[in-house]
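The values are calculated or read from the model by the stated rules, or taken from the named source; none is laboratory data. All of these numbers come straight from a predicted model, not from anything done at the bench. For neighbour counting, all protein chains shown are included, and Cβ atoms are generated from backbone atoms with ideal geometry for every residue, glycine included. Heads up: the accessible areas ignore ligands, DNA and RNA and are worked out on the full protein's heavy atoms, side chains in. Shrake-Rupley method; radii C 1.70, N 1.55, O 1.52, S 1.80 Å.
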Amino acid sequence: MLKKLFFLILVFAVGGAGGLFLPVLIGRWWSDAPFLPQNQTVIVNRTEQVVLAEKEALERAYRMVAPALVTVRASKSGGVQASGNGFVVSSDGFVLTRTEWVGEAFGIVVEHSAGEAPARVVETSAQYGLALLKVDASNLPVVSFAGDVPQRIGTTAFLLGVKRGASGRTLFVNSGIIKSVDGRLIETTIEEEFAPATGTPLVSLDGSVMGINSVNSTGRVFAISSDAIKEFLQ
């Protein structure tokens, strides 16, 4: 209040030509005057902080989930070799993938963080397209599953997987937004142009798995939610 009173006295005292210096004086003595243009730097920095925080969260979640990723290789009739994704759900060698990769296969090999091993199908779900595999391994890194998935609509999510190429295994990531959750089905804005994204985990920024992804012929990515996965694993 005293600052405002001083300012009004100053206006009358300066007057005339001295008024040319008035803006300078105002800027020095009453920098937060409501009629002055306000510096937007704080708002810009705040936006940058949000972007940086999300980037750091993505990197942290990536480090949490990546060790549990596996590649599933299946031999099928006619010399067909299928290669897709999955992830470890139990440290004693249980792996979750999609039935697309292991259906009608007579030989399955899983590449995990400790090497590779033959795998067998323990159980499948025709309803959700899930397949549980078992490899002879122990102390494998595992994922953690998210709860309250319907409450995460509008939040950032990403798929994380392994793509095989001439130079070996390559990790890939793609991010988007959760658009809707309809029962056990999660719709996202993520799009993928290659099939190996099927079987990848749908991961939140806190590093928890919200579902397992599948990609249809149009490149649209959807996921079966962690609730359905947990029901299947019980």
Among the residues of region 99-120, write down those that are among the aliphatic types (A, V, I, L, M), within 25 Å of the chain's Cα centre (by Cα) and in a strand (DSSP E or B). Val110
So, in region 156-174, how many residues would count as being open to solvent by 60 Å² or more (accessible area, probe 1.4 Å) and either β-branched (Val, Ile, Thr) or modelled with pLDDT of 90 or more (or both)? 2
If I filter region 92-108 for residues that are touching a residue at least 60 places away in the same chain (Cβ under 8 Å) and touching a Phe, Trp or Tyr at 6+ places or on another chain (Cβ under 7 Å), do I get at least one hit? yes
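Could you check, for region 101-112, whether at least one of its residues is open to solvent by 70 Å² or more (accessible area, probe 1.4 Å), in contact with a Lys or Arg (Cβ under 9 Å, 6 or more places away or on another chain) and either over 27 Å from Thr155 (Cα atoms) or acidic (Asp, Glu) (or both)? Write out each step before concluding.
So the first thing to find is which residues in region 101-112 are open to solvent by 70 Å² or more (accessible area, probe 1.4 Å), and the list is 104, 106.
Cutting the leftovers down to in contact with a Lys or Arg (Cβ under 9 Å, 6 or more places away or on another chain) gives us 104, 106.
Now drop any that are not either over 27 Å from Thr155 (Cα atoms) or acidic (Asp, Glu) (or both), which leaves 104, 106.
There is at least one residue in region 101-112 that is open to solvent by 70 Å² or more (accessible area, probe 1.4 Å), in contact with a Lys or Arg (Cβ under 9 Å, 6 or more places away or on another chain) and either over 27 Å from Thr155 (Cα atoms) or acidic (Asp, Glu) (or both).
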Can you find, within region 126-138, the residue that is modelled with the lowest pLDDT among those that are buried (at least 16 other Cβ atoms within 10 Å of the Cβ) and assigned to a loop (DSSP other than H, G, I, E, B)? Ala137
Out of (1) open to solvent by 60 Å² or more (accessible area, probe 1.4 Å); (2) in contact with a Pro (Cβ under 9 Å, 6 or more places away or on another chain); (3) at pLDDT below 90, what's the single condition that is false for Ser83? (1)
If I ask for residues that are open to solvent by 70 Å² or more (accessible area, probe 1.4 Å), touching a residue at least 24 places away in the same chain (Cβ under 8 Å) and within 22 Å of Met64 (Cβ to Cβ), which ones from region 139-155 would you list? Asn139
Please specify each residue of region 79-98 satisfying the condition of being within 23 Å of the chain's Cα centre (by Cα) and not aromatic (Phe, Trp, Tyr). Ser83, Gly84, Asn85, Gly86, Val88, Val89, Ser90, Ser91, Val95, Leu96, Thr97, Arg98
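Can you list the strands (runs of 3 or more DSSP E) found entirely within region 176-216 that contain at least 3 residues being surrounded by fewer than 20 Cβ atoms within 10 Å (Cβ to Cβ)?
Hits in region 176-216: 185-191.
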Could you tell me which numbered condition Glu123 fails, if it satisfies all but one of (1) surrounded by 13 or more Cβ atoms within 10 Å (Cβ to Cβ); (2) among the acidic types (Asp, Glu); (3) part of a strand (DSSP E or B)? (1)
